[in-house]
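Participant: First the structure, which I've put down as structure tokens, then a few questions once you've had a look.
Each reported figure results from applying straightforward, stated rules to the coordinates on display, with no laboratory input. Treat the numbers as computed from the prediction; the structure is a model and nothing was measured. Counting neighbours? That spans all protein chains shown, and the Cβs are built from the backbone with ideal geometry, glycine included.
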Amino acid sequence: MTDGLGNGADAAGPRAAPTETLARLWPATAVGVTSGLAYGLVTRMLAEATRYGALFGVMTLSFLFVVPMVVGYLTVRPHPQPSWSYRLLAPWLPTILSVAACYAVGWEGTICIVMGLPVLLIFSSLGGVLGAVGPRRSAGAVGAILLPFVTAQLEHRIPAHVSVHRVHTSIAIAAPPVTVWNEIVEVPTIQPAEQHPALFTRLGFPRPVSATLSRPGVGGVRRARFEGGVLFLERVTDWVPGRLLRFSIAAQTDSIPPATLDRHVTIGGPYFDVLAGRYDIRPLAGGGVVLDLTSELRVSTHFNAYASPWADAIMRSIQRNILQIIRTRAEAKHFRTRWSE
């Protein structure tokens, strides 16, 4: 049998007092948590360093999946008889502390933390399970410590998979096509009262501000501005008034201040990009329209199966916010027009 902390106890024999148990196990717990935290911080520092960043960057399988396993392994390994709850949950403490430290010094932003923390916690727990059954020899700890750097060498030789896919949203609007068309071609400055709570703003992504058009027709350039100096140049490739507006998108990454977006998820960066957009206006038989907004995204990582759903969710949140603003403006304008008649 085991006690709550995973220590052996004979059913017929005396049990150690709780205070004695805690006193005996506290050094092992302290050593494990300290070791895991130190390892997490050191590997993050190496990932931040210019010399190692290209090989052992944050956006790698080695860092996001293997490092937390080692953190969990080092946390649990010193414990003589860890319970299952200890194996699964103790690694979370150094993991969360290291993430908090990275946030405090500006190495990570809210988006990266929200996206990465579930993976870090799960794989740190897996490492904790391995730490309870793995070898106790020093060679085992040394091998675990070096493992992410070995896998990074192998991962670096494999090109990141490029996934291009579309995100689609739609909204019904009680206004005629021409009114909706005028609201999407150019977007005057969006006032704070027009904004809605959304996932992308909670994650720290800037809100849309305005969109201007250099000239009507194919070849015209929309300048879509977001808060924090984020600018997208959108060149019109299809122009059917009242029906279709399609454009390519080029994020002006050089103009984005470093503090606006976490560099690991910057649009137009090596891992994520928005390539094209499209508005479709579909008239309804009973009046009004359905407005469709479709974006084409690029995700380029070694873990697209995990990164793509996050990218889709954020993009879908942005699109819904834009469509809600267009609907409110178009319906208000249509109402004023009918009232004046």
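Participant: Round to the nearest 0.05 the FRET efficiency obtained for N182 and A305 when R0 = 45 Å and r is the Cβ-Cβ distance.
Facilitator: Working from the Cβ atoms, E equals 0.65.
Participant: In addition: How would you rank 165-171, 56-62, 77-83, 241-247, highest first, on the average number of other Cβ atoms within 10 Å across their residues?
Facilitator: So the order, starting with the most tightly packed, is 56-62, 77-83, 241-247, 165-171.
Participant: Would you work out the relative contact order for the stretch 161-340, in percent, from Cα pairs under 8 angstrom that are 6 or more residues apart?
Facilitator: Averaging sequence separation for qualifying contacts and normalising by length gives 31 percent for the stretch 161-340.
Participant: Give the Debye-formula value of log10 I(q)/I(0) at each listed q (0.09, 0.13 Å⁻¹), with one equal scatterer per alpha carbon of the chain, two decimals each.
Facilitator: -0.63, -0.97
Participant: May I pose another question? Which of the DSSP-defined H helices in the chain satisfy a minimum axial length of 24 Å, computed from C-alpha atoms, and a minimum mean Kyte-Doolittle hydropathy of 0.0?
Facilitator: Within the chain the helices that satisfy the rule are 18-48, 110-133, 138-156.
Participant: Also: Can you sort L130, L284 from fewest to most other Cβ atoms within 10 Å of each residue's own Cβ?
Facilitator: Neighbour counts put them in this order, fewest first: L284, L130.
Participant: If you wrap the stretch 18-156's Cα atoms in a convex hull and average its projection over all directions, what's the area in nm²?
Facilitator: Averaging across all directions leaves 8.5 nm² for the Cα convex hull.
Participant: Turning to a different aspect of this structure: Among 118-124, 89-95, how do they line up from the highest to the lowest mean number of other beta-carbon atoms within 10 Å?
Facilitator: 89-95, 118-124
Participant: If the elastic network links every pair of Cα atoms under 10 Å, which of N321, N182, N304 fluctuates the most in the Gaussian network model of the chain?
Facilitator: So, out of N321, N182, N304, the one fluctuating most is N182.
Participant: Can you give me the long-range amide H partners of V209? Hydrogens built in the peptide plane at 1.01 Å from N, cutoff under 5 Å, separation of 5 or more residues or another chain.
Facilitator: For V209, whose amide H was placed from the backbone, the distant partners under 5 Å are R225, F226, E227.
Participant: Run the numbers on the chain and let me know its relative contact order in percent, using alpha-carbon pairs under 8 Å that are six or more apart.
Facilitator: Once divided by the residue count of the chain, the mean separation gives 17 percent.
Participant: Provide, for q = 0.14 Å⁻¹, the log10 of I(q)/I(0) from a solvent-free Debye sum over equal Cα point scatterers in the stretch 161-340.
Facilitator: Results for the stretch 161-340 at q = 0.14 Å⁻¹ read -0.77.
Participant: Residue-wise, which Karplus ³J(HN,Hα) couplings in Hz belong to the stretch 222-229, taking 6.51 cos²θ - 1.76 cosθ + 1.60, θ = phi - 60°, and x for glycine or proline?
Facilitator: 8, 10, 8, 10, 10, 4, x, x
Participant: Right, something else. Taking 7 Å along the Cα-to-C-beta vector as the label spot, tell me the A101-V221 distance in nanometres, rounded to one decimal.
Facilitator: About 4.6 nm, to one decimal.
Participant: A follow-up question, please. Rounded to the nearest 0.05, what FRET efficiency do T294 and V31 give with R0 = 41 Å and r taken as the Cβ-Cβ distance? Could you check?
Facilitator: Computed FRET efficiency for T294 and V31: 0.15.
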